[in-house]
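These notes are about the structure you will find just below.
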Amino acid sequence: MSDEPGLICPAGFTALHLDAVGSTNAEAFDRARQGAASGLWVVARRQTAGRGRRGRVWTSEPGNLYSSLMLRNPAEEARLGELPLVVALAVHDALAAALPPFARGDLAIKWPNDILYSGAKLCGILIEAIATPKGRVVVVGIGVNCIHHPEVALYSATDLAEVGYPTEPEAMFALLADAMARRLTEWQTGRFANLREAWLSRARGVGEAITVRLPTREVTGIFSGLDDDGRLLLRHDGGLESISAGDVFFNTP
């Protein structure tokens, strides 16, 4: 494992480029424990122990973008639930910038922060946090399928090359780093309501029937938007339910 320079970041951010690492999220937490400043990106050509939500294995062969952003105390505790939506907007911005204008309409956000292209997953996002004596450390892991994608039973996946727009990981990172800096600044200095509306305008399934798989049950209803804190609003026979975490499945093609 070797550090390599060459990734350019916006002001206030730095990047560490590695040949291979177990997990970019784990490496980012390690760097935080060693005293790294907030705004550190960890980027790897390959992960040997990549993981997704709920401990799922994330395929991490060379050619895709594997990156994690470490942030210290990015917002007050009560607002951290908004961060997944902010991240989703930034990733959507970056992917849109990698596509020609006529293809951008095929991009959509699946609650809370998966990015889809024509209904297939194009990007994986895993946000984790730990408490430290100096406050909360949040790591935002983002894997973009640039030239290949995993075969997963739960959902369909795709990559930029497969849909006709191959993008080098380094170029994808430059777009992502810029978009993330812009959206984080907008979040930290503005009103979440504006970001919430921007997220909704890019979301798939609003007003449609969906099923949400929770740890102990599944519930089906109409995706009725987001509450003020970014929780999914699901209308079903029991009324209007706010859901803070779960796997969404669309009930229409």
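The values are calculated or read from the model by the stated rules, or taken from the named source; none is laboratory data. Note that the structure is a prediction, hence the values are computed from the model and not measured. Glycine also receives a Cβ, built like all others from the backbone with ideal geometry; neighbour counts cover every protein chain displayed.
Points worth noting:
- Elements of type strands (runs of 3 or more DSSP E) in region 88-203, at least 3 residues being over 30 Å from GLU76 (Cβ atoms): 120-132
- Selection status of SER38, assigned to a loop (DSSP other than H, G, I, E, B), polar (S, T, N, Q) and either touching a helix residue (DSSP H, G or I) at 6+ places or on another chain (Cβ under 9 Å) or modelled with pLDDT of 90 or more (or both): yes
- Count of residues meeting criterion [under 23 Å from SER118 (Cβ atoms) and among the charged types (D, E, K, R)] in region 192-232: 4
- The residue of region 122-162 that is modelled with the highest pLDDT, among those that are polar (S, T, N, Q) and surrounded by fewer than 23 Cβ atoms within 10 Å (Cβ to Cβ), is THR158.
- No other residue among ALA177, ALA198 is surrounded by 16 or more Cβ atoms within 10 Å (Cβ to Cβ) and either of a type in the set (Val, Ile, Thr) or in contact with a Phe, Trp or Tyr (Cβ under 8 Å, 6 or more places away or on another chain) (or both) apart from ALA177.
- Residue in region 228-250 that is basic (Lys, Arg), without any contact (Cβ under 8 Å) to a residue 12 or more places away in the chain and surrounded by fewer than 18 Cβ atoms within 10 Å (Cβ to Cβ) present: no
- From the list ALA28, ALA78, ALA94, the lone residue that is exposed (fewer than 15 other Cβ atoms within 10 Å of the Cβ), in the same structural domain as ASP159 (by TED's automatic domain parsing) and among the aliphatic types (A, V, I, L, M) is ALA78.
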